[in-house]
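Below is one structure, written out as structure tokens; comments come after it.
The values are calculated or read from the model by the stated rules, or taken from the named source; none is laboratory data. Everything quoted here is computed from the prediction, not taken from an experiment. Note: ideal-geometry Cβ built from the backbone for every residue, glycine included; neighbour counts use all protein chains shown. We work out accessible area using only protein heavy atoms, side chains counted, and drop any ligands, DNA or RNA first. Shrake-Rupley method; radii C 1.70, N 1.55, O 1.52, S 1.80 Å.
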Amino acid sequence: RCLDPSNPGLRKNLLLSATAALHVFIQNYPMSSFHLESQRFAIGTSKEQNSIIIIYDLRTATKWRILDGHRGDMTAIAFNPNGNILVSYSANEIPIPTVRVWNTAVSGFFSSLLGIQGRCTKVWKLPPIEKKEKEQIKQQKLLQVSLTWQTNQSFTLIREDLHHYNFGIE
């Protein structure tokens with residue numbers, strides 16, 4: 001009912017608290033991302049063989065896109081500032097970790113009718129973390145991973161082993 005367009009007062013009152021709750025959520029769970037302007041919330045799933053990203057449109061309370069392509073647990077995802085690109089990182093990708101770029105822009109009326117599958121536009125393969133390093137990471141609990149957009153076309157990944165990777169999208 002809070003999304004009911006016939007009751008804008010209720011929606012406006014709930015917007016601030018819902019946005020604050022989502023902000024706390026994405027700070028603690030890097031496999032989720034929220035884009036305020038578009039009101040889209042993305043969450044990465046964790047399955048051993050096939051992980052997906054589900055994007056929800058919070059304005060309409062519907063599942064908006066499903067992004068399928070990773071072959072390992074989702075580690076981090078982030079919308080770019082415009083909300084038309086989503087980047088995802090899977091540290092446990094089989095055979096090696098990957099970073100994927102997804103086009104999440106509205107692609108037209110017919111595309112909306114034909115399905116909700118998203119499109120991966122670029123894949124980067126990263127060097128695997130050595131077994132010795134993995135053990136150190138587990139012992140020290142340095143599992144903080146982050147994806148941070150620098151501009152609408154470039155972002156930085158800080159991996160579990162604290163290595164920084166800079167990427168540009170053309």
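Does V123 count as open to solvent by 60 Å² or more (accessible area, probe 1.4 Å), within 22 Å of E160 (Cβ to Cβ) and modelled with pLDDT of 90 or more?
Judged against the criteria, V123 is a match.
What about S46, is it open to solvent by less than 40 Å² (accessible area, probe 1.4 Å) and part of a loop (DSSP other than H, G, I, E, B)?
no
Can you list residue pairs whose Cβ atoms sit under 8 Å apart, with the first residue in the range 7-21 being over 14 Å from L58 (Cβ atoms) and the second being surrounded by fewer than 11 Cβ atoms within 10 Å (Cβ to Cβ)? Count only pairs 6 or more apart in sequence or on different chains.
N7/R1; L10/R1; L10/D4
Check P128 against each of (1) modelled with pLDDT of 75 or more; (2) outside any loop (DSSP other than H, G, I, E, B); (3) surrounded by fewer than 16 Cβ atoms within 10 Å (Cβ to Cβ) and name the one condition it does not meet.
(2)
I'd like to verify a number: residues in the range 49-72 that are within 18 Å of I96 (Cβ to Cβ) and either part of a strand (DSSP E or B) or in contact (Cβ under 8 Å) with a residue 40 or more places away in the chain (or both), how many?
Number satisfying all stated conditions: 4.
Would you confirm whether or not the range 3-12 contains a residue that is basic (K, R), open to solvent by 50 Å² or more (accessible area, probe 1.4 Å), modelled with pLDDT under 80 and not in a loop (DSSP other than H, G, I, E, B)?
Yes; the residues of the range 3-12 include at least one that is basic (K, R), open to solvent by 50 Å² or more (accessible area, probe 1.4 Å), modelled with pLDDT under 80 and not in a loop (DSSP other than H, G, I, E, B).
Here is a yes/no grid of residues against (1) over 12 Å from the mean Cα position of the chain (by Cα); (2) over 20 Å from F167 (Cα atoms):
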{"residue": "H35", "(1), (2)": "no, yes"}
{"residue": "I55", "(1), (2)": "no, yes"}
{"residue": "G69", "(1), (2)": "yes, no"}
{"residue": "F79", "(1), (2)": "no, no"}
{"residue": "E93", "(1), (2)": "yes, no"}
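Take T98 and tell me if it is open to solvent by 10 Å² or more (accessible area, probe 1.4 Å) and either of a type in the set (S, T, Y) or touching a residue at least 60 places away in the same chain (Cβ under 8 Å) (or both).
In short, no.
Just to be sure, is R59 within 18 Å of C120 (Cα to Cα) and of a type in the set (D, E, K, R)?
Taking the combined requirement at face value, the residue does not satisfy it.
Looking only at the range 63-82, which residues are surrounded by 20 or more Cβ atoms within 10 Å (Cβ to Cβ) and either over 13 Å from G44 (Cβ atoms) or out of contact with any strand residue (DSSP E or B) (no Cβ under 9 Å at 6 or more places or on another chain) (or both)?
W64, N80, listed by residue number.
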